[in-house]
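Below: the structure, in structure tokens.
The values are calculated or read from the model by the stated rules, or taken from the named source; none is laboratory data. Model, not experiment: these values are computed from the prediction. Please note: Cβ atoms are built from the backbone with ideal geometry, for glycine as well, and neighbour counts cover all protein chains shown. Only protein heavy atoms, including side chains, enter the accessible area calculation; ligands, DNA and RNA are left aside. Shrake-Rupley method; radii C 1.70, N 1.55, O 1.52, S 1.80 Å.
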Amino acid sequence: MAQMQNLELPDGRIFLGGEWREGRGAEITSLYPADRSVNRVLRGASREDVEEAIARAQAAAADPAWRNLRPHERAAYLYRISEGIARNAERIAQVQSRDTGKTLAETRALAASAAGTFRYFAAVLETEEEAMTPARGDYLTFSVHEPIGVVAGITPWNSPIASDAQKLAPALAAGNAVLMKPASWSPLVSLVLAQIVEEAGLPRGLLSVLPGRGDEVGETLVTHPAVGKVSFTGGTATGRALAEKAARKLMPVSLELGGKSATIVFDDADLDLTLAGVLFGIFSSTGQSCIAGSRLLVQRGVYDRFLERLVAATKALRVGHPADPATQVAPMIRDPHRDSVERYVALAREEGGEILAGGRRPEGAAYEAGIYYLPTIIAGLPNSARVCQEEIFGPVVVVQPFEDEAEAVAIANDSEYGLACGIWTRDQGRAWRVGRSVAAGTVWVNTYKQFSISTPFGGVKDSGLGREKGRQGLRAWMQQKSLYLDTSGRPHPWARLSELGA
Ligand code: NDP
């Protein structure tokens with residue numbers, strides 16, 4: 001088993017406008033979910049710390065040395081950050097695994113993707129074009145994009161390095177100064193990223209990484225008049241409350257929120273392909289994924305056969321230590337979160353649900369120290385049941401049968417959420433029809449949970465507002481300006497200057 005020896009964890013100081021210091025806010029504890037050992041106790045940022053960081057960000061954003069950089073010059077910083085992430089990939093992977101309990105295989109992939117995200121936005125920045133629009137008079141018309149100024153990113157605990165990179169890379173590329181607030185359960189990897197950004201030579205003040213309480217650090221970022229945009233990834237209730245506050249100061253927000261995504265298996269699907277995709281879609285990341293395929297809809301003709309295979313495979317998944325390369329299902333993030341998952345499973349039982357696999361903690365000495373939960377399959381409940389409607393955010397899937405295409409779409413859309421959907425069929429026409437009919441930001445056909453930084457991502461309904469990634473991901477951090485340049489050299493006739501004797 002790969003051991004995390006000599007792992008250099010951040011020392012617990014926060015990164016305030018280019019300076020490493022002790023926070024003045026509430027204490028935060030980072031735990032290793034595999035054995036609950038303490039990684040680091042640190043003092044988070046206080047309201048005063050955040051206000052100071054914002055003041056430094058304002059000065060840094062307005063400095064012509066940053067603001068007037070040409071795109072290829074600004075892109076050079078992002079390339080250097082990308083290279084720094086790649087050089088430090090193993091440390092990032094190890095720190096994030098300690099912070100979140102994710103398998104090293106997964107955190108290594110996330111580190112590589114974060115390097116790719118910075119490289120992608122550097123390339124977008126260098127190749128982005130502004131528009132010269134058709135003029136309707138003796139002037140030239142231009143539409144250009146400018147930085148917003150001071151912006152903030154607020155991220156959850158489940159994939160911190162990926163969430164950080166998806167906000168920080170385009171926000172910096174756009175020419176802003178950025179304040180990042182990581183989740184209190186996973187503060188460490190964002191501080192490693194701050195070290196890398198500092199080493200890349202980014203001018204001081206342009207980045208602050210401010211772990212701290214959501215209702216203190218997060219609230220201050222959202223309500224402060226100098227912050228011009230907040231991009232939030234997290235739960236729907238938190239996102240909605242944040243958007244209400246942002247509306248009061250007419251600030252744009254981008255919201256990547258929760259999900260209860262449907263995976264639809266038709267009778268004609270390739271069942272080997274489907275089984276592997278369904279297992280990965282719900283149980284990878286221990287189900288702690290916004291896009292987890294947590295509602296499984298299976299057509300009646302194949303329901304019994306597919307369920308039998310799914311149950312057997314689920315029971316055989318390797319639940320284990322994050323550093324063991326054989327592990328498929330690692331520990332959950334924290335005890336209170338596992339408690340919440342257990343309450344949902346108890347509720348399913350009370351409502352008459354049948355637990356076909358899991359439904360409890362694994363037993364044995366190997367599991368005692370960590371926060372483990374077995375991959376769980378629940379069947380026999382209508383779509384109106386709370387476990388079919390609410391996001392559980394753990395290794396729990398609810399299964400329902402359906403008769404035909406129309407019913408599958410109706411059940412899939414009978415949800416407050418609209419983040420993702422999986423469709424498993426050999427019929428491309430059906431895949432297209434269903435894919436266009438479901439209310440979801442992302443649809444996968446005969447695959448699931450695949451990501452490309454060049455493809456926009458986001459949700460509909462209660463799953464969010466706005467899109468990250470893709471070329472337009474850069475524009476989301478900018479504001480548009482129109483410029484009219486006179487080409488006539490003549491005074492405007494309306495003034496009739498000659499009559500005015502002027
Ligand atoms: P939360 O909504 O609890 O927290 C997200 C972030 O918001 C944390 O940094 C948190 O800080 C902060 N926060 C809390 N209260 C406030 C506040 N009043 N003002 C501003 N910020 C605040 O979500 P979780 O961390 O529990 O993450 C899980 C959720 O994230 C799930 O619902 C999941 O679906 C969603 N998610 C969505 C993704 C997407 O792309 N659509 C991707 C990943 C996750 P603190 O930790 O200090 O409380």
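Pairing residues of segment 62-83 that are of a type in the set (A, V, I, L, M, F, W, C) with residues that are open to solvent by less than 40 Å² (accessible area, probe 1.4 Å) and not in a helix (DSSP H, G or I), at Cβ distances under 6 Å and at least 6 apart in sequence or on separate chains, gives Ile81/Ala200.
Within segment 437-455, the residues that satisfy the criterion of being within 14 Å of the ligand (Cβ to nearest atom), over 15 Å from Phe118 (Cα atoms) and open to solvent by less than 50 Å² (accessible area, probe 1.4 Å) are Ala440, Gly441, Thr442, Lys449.
Looking across segment 155-192, the residues that are within 10 Å of the ligand (Cβ to nearest atom), surrounded by fewer than 24 Cβ atoms within 10 Å (Cβ to Cβ) and over 13 Å from the mean Cα position of the chain (by Cα) come down to Ser184, Trp185.
On the stretch given as segment 293-331, residues that are surrounded by 16 or more Cβ atoms within 10 Å (Cβ to Cβ), of a type in the set (A, V, I, L, M, F, W, C) and free of Cβ contacts under 8 Å to residues at least 60 places away in the same chain total 5. Looking only at segment 460-499, residues that are more than 30 Å from Ala292 (Cβ to Cβ) and out of contact with any strand residue (DSSP E or B) (no Cβ under 8 Å at 6 or more places or on another chain) come to 11 in all. Inside segment 216-230, can you point out the residues that are out of contact with any Gly (no Cβ under 8 Å at 6 or more places or on another chain) and open to solvent by 10 Å² or more (accessible area, probe 1.4 Å)? Hits for segment 216-230 are Glu219, Thr223, His224, Pro225, Lys229. Considering segment 465-502, and only residues there that are within 16 Å of the ligand (Cβ to nearest atom) and assigned to a strand (DSSP E or B), the residue that is farthest from the chain's Cα centre (by Cα) turns out to be Leu465.
Every residue, every condition in (1) part of a loop (DSSP other than H, G, I, E, B); (2) aromatic (Phe, Trp, Tyr); (3) surrounded by fewer than 18 Cβ atoms within 10 Å (Cβ to Cβ), yes or no:
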| residue | (1), (2), (3) |
| --- | --- |
| Arg24 | yes, no, yes |
| Leu31 | no, no, no |
| Ala34 | yes, no, no |
| Val38 | no, no, yes |
| Glu48 | no, no, yes |
| Ala60 | no, no, no |
| His72 | no, no, yes |
| Ile81 | no, no, no |
| Arg98 | no, no, no |
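Looking across segment 193-205, the residues that are crowded, with 21+ Cβ neighbours inside 10 Å and under 22 Å from Asn39 (Cβ atoms) come down to Leu193, Ala194, Ile196, Val197.
Selection of segment 420-436 for residues being more than 12 Å from the ligand (Cβ to nearest atom), open to solvent by less than 30 Å² (accessible area, probe 1.4 Å) and not in a helix (DSSP H, G or I) yields Cys421, Gly422, Ile423, Trp424, Thr425.
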